[in-house]
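Here is the structure we will look at.
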Amino acid sequence: MSRVIDGGVLADAEALGDRFVAFVGPQVGPGWIPAADLFGSGLSDAVATKREARGAVSDAVAGSLLLAEYCARLSAPVLAVLYRDGAFLDPSLGNVQVLRRAGVIERLSFLRGPQPCPPGQEAGLASRVADAFFAGNIDACLGAVRNQSRAGLRSLWSNVGMTVGSAMLTLSWSSPDRDRYLDDARAFVACRPEIGRVVSFESAEFDGEPWMFTRRDACCLAFRTTVNQTRENPYCSNCSVLELGERITNFHKAARSFEEGRAR
């Protein structure tokens, strides 16, 4: 079970991965701003800074990467609190602060921390979180990024879907049942059919067992940055540009690496 500890949302966040690390309560100091400001008056600067930091060829690429970065930081702790603890971590825009340095979103803080679900309301908790996540936050942020950068809707929605899927994949792989949260992931994004058109959550076999696997059909455009172009392979491991067979091979490599890491 996760719990609030030392100002953090999840006690075991670092074990799950850096994207799960988030704080609770108002934060002060250089770099901290309300998320509403980042996607409001500060968005033009944020896109320009992201473009420079990544060497993106256009504002559209920078905007796509900015939204993906934010959504990854938002979805991971919110979904961990929901599906592992059965609690409500409010993901609405007004409850979120962002720590941004050198064009990178390093951390989020939630003004109000996880709240227990009232008895008898468990069945509607996931819908409540999804509504606050999408209608209360992501819809506005995605629209703002679209208007500011002219990034394509398919890329933007695929970023949202993939970050949700990646968080649920991590939670699944960290469980004895490696596709434990597959159905939950599908249900969480079902309220936004735009995601279903560009991302799918599937079960793929590895070492004779089903593991959660995410598949995207629209690119985040990260390969169109100088940062990625300096790498041996500029594409993400599950990029829609790659043949499906190569993506499955990359999935097997990731699953093997995960198993080996847990065995150490």
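The numbers here are math on the coordinates, done by the rules we state, and not lab data. Computed from a predicted structure; not experimentally measured. Methodologically, a virtual Cβ is constructed for each residue, glycine included, from the backbone with ideal geometry; neighbour enumeration extends over all protein chains shown.
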In Å, descending, principal axis extents of the Cα set of the chain: 44, 44, 37
Dipole axis of segment 13-263 (+1 Lys, Arg; -1 Asp, Glu on Cβ), positive-most option in 34, 137, 44: 44
Euclidean distance of C-alpha centroids, segment 171-231 and segment 86-146, integer Å: 20
Going by the alpha-carbon gyration tensor, a ≥ b ≥ c the square roots of its eigenvalues, is segment 214-264 rounded (a/c under 1.5) or, if a/c is not under 1.5, prolate (a/b greater than b/c) versus oblate? oblate
Relative contact order (%) - the chain, alpha-carbon pairs under 8 angstrom, separation at least six: 18
Cut-off is 10 Å between beta-carbons; in what order do 248, 138 appear when sorted fewest neighbours first? 248, 138
Once you sort the root eigenvalues of the Cα gyration tensor of segment 194-236 as a ≥ b ≥ c, which label holds: rounded (a/c under 1.5), prolate (a/b larger than b/c) or oblate (the other case)? oblate
Partnerless cysteines (no other Cys beta carbon under 4.7 Å) identified across the chain are 71, 117, 141, 191, 219, 220
Stretch residue 52-residue 230 to full length: gain in nm at 0.36 nm per residue minus the Cα-Cα span? 62.6 nm
In the neighborhood of residue 166, defined by Cβ-to-Cβ distances under 11 Å, what is the net charge if each Lys or Arg adds +1 and each Asp or Glu adds -1? +2
Two pseudo-spin positions, 7 Å from Cα along C-beta at residue 194 and at residue 32, lie apart in nanometres by 3.1
